[in-house]
There are 4 protein chains.
Amino acid sequence: MISDRHTISEVRVRYAETDQMGIVYHTHYLVWCEVGRTDYIRALGTTYAEIEREGIVLAVADVRIRYVAPARYDDRIRIRTWLERVQSRAVTFGYELTRANGEDGARIATATIKLIALDASGSPCLLPASLVRRFHEDTPAPHH
Amino acid sequence: MISDRHTISEVRVRYAETDQMGIVYHTHYLVWCEVGRTDYIRALGTTYAEIEREGIVLAVADVRIRYVAPARYDDRIRIRTWLERVQSRAVTFGYELTRANGEDGARIATATIKLIALDASGSPCLLPASLVRRFHEDTPAPHH
Amino acid sequence: MISDRHTISEVRVRYAETDQMGIVYHTHYLVWCEVGRTDYIRALGTTYAEIEREGIVLAVADVRIRYVAPARYDDRIRIRTWLERVQSRAVTFGYELTRANGEDGARIATATIKLIALDASGSPCLLPASLVRRFHEDTPAPHH
Amino acid sequence: MISDRHTISEVRVRYAETDQMGIVYHTHYLVWCEVGRTDYIRALGTTYAEIEREGIVLAVADVRIRYVAPARYDDRIRIRTWLERVQSRAVTFGYELTRANGEDGARIATATIKLIALDASGSPCLLPASLVRRFHEDTPAPHH
C-alpha cells in the first residue's frame, strides 16, 4: 500500500454467484475486486470507461487471491481497494473483502491484481500521464 | 424448423455453472445454446468469428427457454441446433438439450433464440448474403 | 401484472458482463432480473434465503426475454419487478429493465420468468402458504 | 511439480467468455483450470463428484495466475494440469494454458490453485485417504 487512501464498495451476493458447495464460486470474488477498482478510479475523478475511450486498456496481468472465509448468497460484501504499486506501464491494486451483514465483519479474502497498459494494437505502453498524476495526487474518499 | 438439418454439440457441465440448488444456474443453458449455434455455423462452412470480421454482428434479440429437467455437475449435455426461421434481417435458431450420460437421454430444455444483424454502427441491417445462401443450401452434418 | 405493486432495483454494469460486441452478453440481463426478484421478495417482508431454509426452492421453469437496446459497461440499469401470475405451484415475475444514466431512461429489455416450487426431493410442491399470503396481501414499496 | 504426470484437456473459447477488450475476461481462465483439475482427478480413476458424494469438498484457498497472452473467441485452449504439492489437508495443482489453433502453441497463462479439504460442517479435514493414495500411485495419461 503506497498510502492509506482507499475506497469502500459494496455488493450483495447474487444467487448466480453461488455453486453447489453452497458458497460463492471462487472466481466471482475477483469480479467484485473489479467493482472495487472501478469505484477507486471513479473516486480519482475519472472513469475506467473514459480511459478506454482515450485508447488505452488496462489488462489483467497477474492475480493473487487468498480465500479466508466463504461468502454466501445474499451476504453483503464490503470491498476495500487501494493502490499497491504504480509502475511506468503497470499498476497493482490491493483488495480486502469483508462480510458486512450487521455486526459481522469477517474477512473473506485478500487479493492483489496487477494490470498493464496496452495501446490500441495490444502492445504494452505507458500508463496515461493524467491517470498517473491522479494516482499520485488525488485522495479517494470512502464511498459507495 | 425449416428442414431436418441440425448439428449435435456436446459440453460437460462445469462446477462453475452450478448454483447452491445443486443444479446448473438457469442462464448457463443459454451459453450452451451459443456453443451449439457456433457449431451450426461452422458446419455450414464458415464461422461466426469470420462473420464478425466482415463487419456484421448477430445480436440476441429474443430468447424463449423452457426448463424440463435439471443438468448437474459433470453431466454430459448434448445440444441439438437447427434453423427455425430465416428473415431478411434476423435468424432464429432452435435448440434441444438432452443429458447424454450413458443411457440417460433425458430432455433438459428446449429453446429458441432470435438474432438480428447489426452493422458497425449498431443499426439493423441485412444478413450477409453469403450466410443466407449457406442457410438455404448447405447441410450441416451432425458432429461434435 | 396482477396489480401495480412493483419494486425498483438498480445495478451498475460490470466489465465482466460485457462481451466483445462491446455490449452486455445477453444472459446477464437475466441475472439482473434475479436481483430484482430477490428485492421484490425482500420487500414482502421475507427473503428468498429464508424460503430455502424452510426446505423449498423456486426453480426457473420458463424464461422469455426481449432485448430492445443494449446495456453497456458502467451503465446504471434500473430493474422494475412485479408479480405477473401466482399459481398453486408456480409464480411468474415480470421485469422491465431501463437505462438510468442521468436523463437516459431508455428501455433495455422486458422479461417474464416462471419459477416452480420444488421440495427437498426435487419434486414439484405447493408454494409456501406464507409466501402466497404475502403475494396477495403485501405491497412492495419501490426501493433500491 | 512432484512428477511429470499430467493431463491435457481442451476447451474452445465461448463468446460468453469474452469482454469488450475483445479478449477473454480474466476470471474464465480459472474456470478452464477447473476443467483441467476435473479431468486430472478423473484420470486417477475417481471423480470429483464422487469425492463430494463421500462428504468432502475441496474448496479453493489460494490462487495465483499470470497472464502471458490473450485468449480470443473460438480459440482452442489446451490445459496442462499437474500436481504441484500434496499436504495432509490440502492439495495444490499447477496449470499451463496454451493456444492450440493449428501450429500456434503460444502460452496463454500459468497458474497454481491450492484447495483445502472441508467436511460436511465446513471445517478443514484430512484429504480422503483413497485420494491421497491415488495422488501418489496413479499415473494420469494425457487424454481429452
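The table for this structure:
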item	result
Net charge of Cβ neighbours under 11 Å - reference residue A:126; Lys, Arg +1; Asp, Glu -1	0
Axis-proximal residue, chain A, for the rotation superposing A on D (Cβ, Å)	A:27, 2
Position residue B:132, label points 7 Å along Cα→Cβ, spacing to each other copy in nm (shortest first, one decimal)	5.2, 5.3, 6.7
Rounded Å value of the spacing that divides the Cα centres of the range C:80-95 and the range B:27-78	28
The range B:31-122: GluC sites (Glu not before Pro) in DSSP loop, at most 12 other beta carbons within 10 Å	B:54, B:103
Charge context of residue D:112, other residues only, Cβ under 11 angstrom, K/R +1, D/E -1	+2
Relative frequency of Cα-Cα separations exceeding 18 Å in the range C:1-141, percent	56
Cα-based shape type of the range D:76-116, given that a ≥ b ≥ c are square roots of the gyration tensor eigenvalues and the cut on a/c is 1.5	prolate
Residues B:56, D:8 arranged by fewest to most Cβ contacts within 10 Å	B:56, D:8
Rounded to 10°, Cα long-axis angle of helix A:28-43 versus longest principal axis of chain A	50
Sum of -39500 (n - 2.57) over DSSP H runs of 4+, divided by residues of chain D (222 nm, nearest 500)	-6500 deg cm²/dmol
Total formal charge among the other residues, if their Cβ is under 12 angstrom from that of residue D:24, Lys/Arg +1 and Asp/Glu -1	-1
Test item: D:9-15 mean partner chain Cβ contacts at 10 Å	4
Nearest-first distances (nm) between copies at residue D:104, label 7 Å from Cα via Cβ	3.2, 3.7, 4.5
At 7 Å out from Cα toward Cβ: residue C:121 inter-copy label distances (nm, ascending)	3.0, 6.2, 6.7
Whole-Å semi-axes of the ellipsoid equivalent to the protein assembly as shown (Cα gyration tensor, √5λ, descending)	32, 30, 29
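Just so you know, all these numbers are worked out from the coordinates, no wet-lab data involved. Remember, predicted model here, so these are calculated numbers, not experimental data. Please note: Cβ atoms are built from the backbone with ideal geometry, for glycine as well, and neighbour counts cover all protein chains shown.
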